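*Asks:* Submitted below is the structure of interest, expressed as structure tokens.
Only the coordinates and a few stated rules stand behind these numbers; no lab work does. Everything quoted here is computed from the prediction, not taken from an experiment. Cβ placement follows ideal geometry from the backbone for every residue including glycine, while neighbour counts extend to all protein chains displayed.
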Amino acid sequence: MLLREGTSRDLVVETDRGPVSGLRRHGVRLWRGIPYAASTAGERRFRAPVPAEGWSDVRDATRFGPVAPQKRRGQFIGAAPHLPRSEDCLSLNVIAPDETVTVGGAAGSGGRPVMVFIHGGAYSVGSSGEYPRQGERLARQHGVVYVSLNYRLGALGWLDFRAYSRPGRPIEANLGLRDQVAGLEWVRRNIRAFGGDPDRVTLFGESAGANSVTTLLTVPAAEGLFHRAIAQSSPANAVYLPDVAQRWAGEYVQLLSRVVDDDDLESESVEDAAAMLVTADPMLLAEATTALTTRTPDENPGTISLAPVIDGEFLPHRPLDAFRDGLAHRVPLIIGTNDREGSLFEGRIDILPTTKPRIRAIFANTKKKARKAIKRQYPGLPERRPAADFGGDFTFWFPSVKVAERHSRFAPTFGYRFDAAPRMPRLLGLDATHGLELFALFEKFDTPVGTGLTLLGGRRMFRAVGRRMQRHWVSFAASGCPGADWPTYDEVDRRTIVFDGADRVELDPRREKRLAWQEFVPHV
């Protein structure tokens, strides 16, 4: 809590909870592990976040905070092995440029543009400290204030256990979303002290983080907390009705009872189940989470069990319906996907509808004519490559197209597709797959994966694409427009920028595929 000896006084910032001290590195100032809400352990488990307790001494904010409880290994790639796991995980990080930085997001009368990033990881793994230097270039070279945050993962944040709520021990839903709103509220109250403009906040995220963005665009409590939004590869339709979500909660309780070896638990005993949920070790909760998420794609093809729920209160409407009806927050939006989203999941992260039984289940409730039309778009289906593309388009691409066309009726919308890929991922058959754009956008070339991606060449091209994206993202954060060379998206022309070795604008890319999907999934 105390100020470290030798810390410069200009790195001490007064927040509404108390003063924090950061560190300086390569033209930026950093503050890490600042609590934006109280611990969610004990009586706060399965409850909405509340403000953190204040402090009077200067708090050391030079280290990332604990990450949400999660399995290091399992269905997904291990996340942030250098950081402890704890239910006291609701913290955020701020990176601000030195005052000498004036390019890009130079401070206006209200301060510098603010960019708040929500990490992905299927709502199951990940953290804001996974890549420690992420966001530094945006601050140092482009003059924005970058914020990243942790939020609850797995069953602790994304399952609906309201059926197990008891008098004196209530349980609430959409806890991960509520955490993100609490983080944005902290930004609203405090970011000016870090040089940021609370009236120029851009919310952006990738994968589950992008799904958070498209969902928060329809959450009433988030209104006014951000002023532009960027959704990179959002599975925007992965939001479910209460009956589905509570069925998954029931299945989870049974799985958890086996993990904790509770032979006395009876499925009809709500009291016993509630007691187990609120007292179980968080790592056992994470183990049961993995068991649920690995079985869901086969039992309910095309769904993921960890996701927001339409609870009628915090999230009153299905987001795609809210976009259609003009109920989403009318802020400028950038939304897009990568060329081959599904190739990453082919035999690696087994959650998409890419197997023959899963594809057959999705086809089951579709008219024969529509099935034939969609199969023509994926020659050889259900062979591995077309199946991967089918699953990626079903999960990420087509829902993002629907968000873009519907939001464009009410607010400026900009569509993109990311096609750039170095030689190595192309040789591996991944091409421009899910998450690849993050390595370009954040220039993560000093990581093992980042190094491997360009091992056979292509780094110069890939870096150049990323830097063009940075300029677009920062221009958008500063003004709501990503640049004169990026036209708005509308339902007539559907102009879309394609990021590649040489960027280009296409009119209604993949039109025939889009029309086939429109008939195949008319409810989207």
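*Asks:* Before anything else, pin down the relative contact order of the chain: Cα pairs under 8 Å, at least 6 apart, normalised by residue count, whole percent. List each step's numbers first, then the result.
*Replies:* Working: 1129 pairs, mean separation 68.2, N = 524.
So the answer I get is 13 percent.
*Asks:* Dipole size in debye (nearest 20) for the range 345-520 around its Cα centre, Lys and Arg Cβ +1, Asp and Glu Cβ -1? Walk me through the numbers on the way to the answer.
*Replies:* On the way: 33 positive and 21 negative charges, 147 e Å.
With Lys and Arg at +1 and Asp and Glu at -1, about 700 debye.
*Asks:* Using +1 on the beta carbon of Lys and Arg, -1 on that of Asp and Glu, and nothing else charged, what's the dipole of the range 318-389 about the Cα centre, debye to 20? Please report the intermediate quantities before stating the final value.
*Replies:* Numbers: 17 positive and 8 negative charges, 119 e Å.
Magnitude of the dipole: close to 580 debye.
*Asks:* Starting from the Cα of ARG463, step 7 Å toward the Cβ, then list every residue of the range 422-440 with an amide N under 15 Å from that point.
*Replies:* Within reach of a label on ARG463: 422, 439-440.
*Asks:* Positive end of the charge dipole of the chain (Lys, Arg +1 and Asp, Glu -1 on Cβ, about the Cα centre): tell me which of GLY205, GLY452, THR15 has its Cα farthest that way.
*Replies:* Of the listed residues, the answer is GLY452.
*Asks:* Shape verdict for the range 307-388, please, from the Cα gyration tensor: rounded (a/c under 1.5), prolate (a/b greater than b/c) or oblate. Provide the component values of the computation, followed by the final result.
*Replies:* On the way: a/c = 2.02, a/b = 1.76, b/c = 1.14.
Judged from the Cα gyration tensor, the range 307-388 comes out prolate (a/c at least 1.5, a/b above b/c).
*Asks:* What is the projected area of the convex hull of the Cα atoms of the range 345-520, averaged over all directions, in nm²? Can you show the working numbers first?
*Replies:* Values: hull surface 44.8 nm².
Value for the range 345-520: 11.2 nm².
*Asks:* Out of residues 5 or more away from THR413 or on other chains, whose amide H comes under 5 Å of its own, with H placed 1.01 Å from N in the peptide plane?
*Replies:* Amide H neighbours of THR413, under 5 Å, 5+ apart: LEU333, TYR489.
*Asks:* Give the peptides 437-445, 490-498 in descending order of average Cβ contacts within 10 Å, highest first. Before the final figure, lay out each step's value.
*Replies:* On the way: 437-445: 22.0, 490-498: 16.7.
The packing order, highest mean first, is 437-445, 490-498.
*Asks:* Across the chain, how many lysine pairs separated by 8 or more positions, or lying on different chains, have Cα atoms within less than 24 Å?
*Replies:* Taking the chain as the scope, the lysine pair count is 19.
*Asks:* Excluding ALA411 itself, what net charge comes from residues whose Cβ is under 11 Å from its Cβ, given Lys and Arg +1 and Asp and Glu -1?
*Replies:* Numbers: positive: ARG228, ARG330, ARG406, ARG409; negative: none.
Within the 11 Å Cβ shell, the charges total +4.
*Asks:* Would you please give the residues with an amide H less than 5 Å from that of VAL116, counting only those at least 5 places away or on a separate chain, with H modeled from the backbone geometry?
*Replies:* Amide H to amide H, under 5 Å and 5 or more residues apart or across chains, VAL116 pairs with VAL147, THR202, LEU203, PHE204.
*Asks:* Roughly how many debye, to the nearest 20, is the charge dipole of the chain about its Cα centre, given +1 on each Lys and Arg Cβ, -1 on each Asp and Glu Cβ, and no other charges?
*Replies:* Numbers: 70 positive and 63 negative charges, 399 e Å.
So the magnitude is around 1920 debye.
*Asks:* Would you work out if the range 86-215 is rounded, prolate or oblate? Take a ≥ b ≥ c from the square roots of the eigenvalues of the alpha-carbon gyration tensor; rounded if a/c is under 1.5, else prolate when a/b is larger than b/c, oblate otherwise. Kindly include the intermediate steps, with their values, before the conclusion.
*Replies:* Numbers: a/c = 2.75, a/b = 2.08, b/c = 1.32.
Since a/c reaches 1.5 and a/b is larger than b/c, the shape of the range 86-215 is classed as prolate.
*Asks:* Looking at the chain only, what percent of DSSP beta bridges run antiparallel? Nearest 5 please.
*Replies:* On the way: 22 of 57 bridges.
Of all bridge pairs located within the chain, approximately 40 percent are antiparallel.
*Asks:* Compute the orientation-averaged projected area for the chain from the convex hull of its Cα atoms and round it to one decimal in nm².
*Replies:* Averaged projected hull area, Cα only: 23.7 nm².
*Asks:* Once amide H atoms are placed 1.01 Å from N in the peptide plane, what residues at a sequence separation of 5 or more from GLY18, or on another chain, have their amide H within under 5 Å of its amide H?
*Replies:* TRP55
*Asks:* Using per-residue counts of other Cβ atoms within 10 Å, averaged over each peptide, order 510-519, 179-188 from highest down. Please report the intermediate quantities before stating the final value.
*Replies:* On the way: 510-519: 16.3, 179-188: 23.3.
Peptide ranking by packing, descending: 179-188, 510-519.
*Asks:* By Kyte-Doolittle mean hydropathy of at least -1.0 and Cα axial length of at least 18 Å, which whole DSSP H helices of the chain are selected? Display every interim value, and only then the final one.
*Replies:* Numbers: long enough: 175-190 (22 Å, -0.47); 242-259 (25 Å, -0.23); 282-299 (26 Å, -0.17); 459-479 (30 Å, -0.64).
Helices meeting the span and hydropathy rule in the chain are 175-190, 242-259, 282-299, 459-479.
*Asks:* Turning to a different aspect of this structure: When Lys and Arg each count +1 and Asp and Glu each count -1, what net charge do the other residues less than 12 Å away from GLY54, Cβ to Cβ, add up to? Each step should come with its number before you reach the end.
*Replies:* Values: positive: ARG17, ARG59; negative: GLU14, ASP16, GLU53, ASP57.
Summing Lys and Arg as +1 and Asp and Glu as -1 gives -2.
*Asks:* Further question on the same structure: How much net charge surrounds VAL187 when only other residues with a Cβ under 14 Å from its Cβ are counted (Lys, Arg +1; Asp, Glu -1)?
*Replies:* Values: positive: ARG17, ARG112, ARG188, ARG189, ARG192, ARG200, ARG228; negative: ASP16, ASP179, GLU185, ASP197, ASP199.
Taking every other residue near VAL187 into account, the sum is +2.
*Asks:* Which value in deg cm²/dmol, rounded to the nearest 500, describes the helix-derived mean residue ellipticity at 222 nm for the chain, given -39,500 (n - 2.57) per DSSP H run of n ≥ 4 and division by the residue count?
*Replies:* Details: 17 runs with 172 residues, N = 524.
After summing the helix terms and dividing by the residues of the chain, the value is -9500 deg cm²/dmol.
*Asks:* Shifting gears a bit: Would you mind telling me the antiparallel percentage of the DSSP bridges in the range 345-520, rounded to 5? Write out the running numbers ahead of the final one.
*Replies:* Numbers: 4 of 8 bridges.
In the range 345-520, approximately 50 percent of DSSP beta bridges are antiparallel ones.
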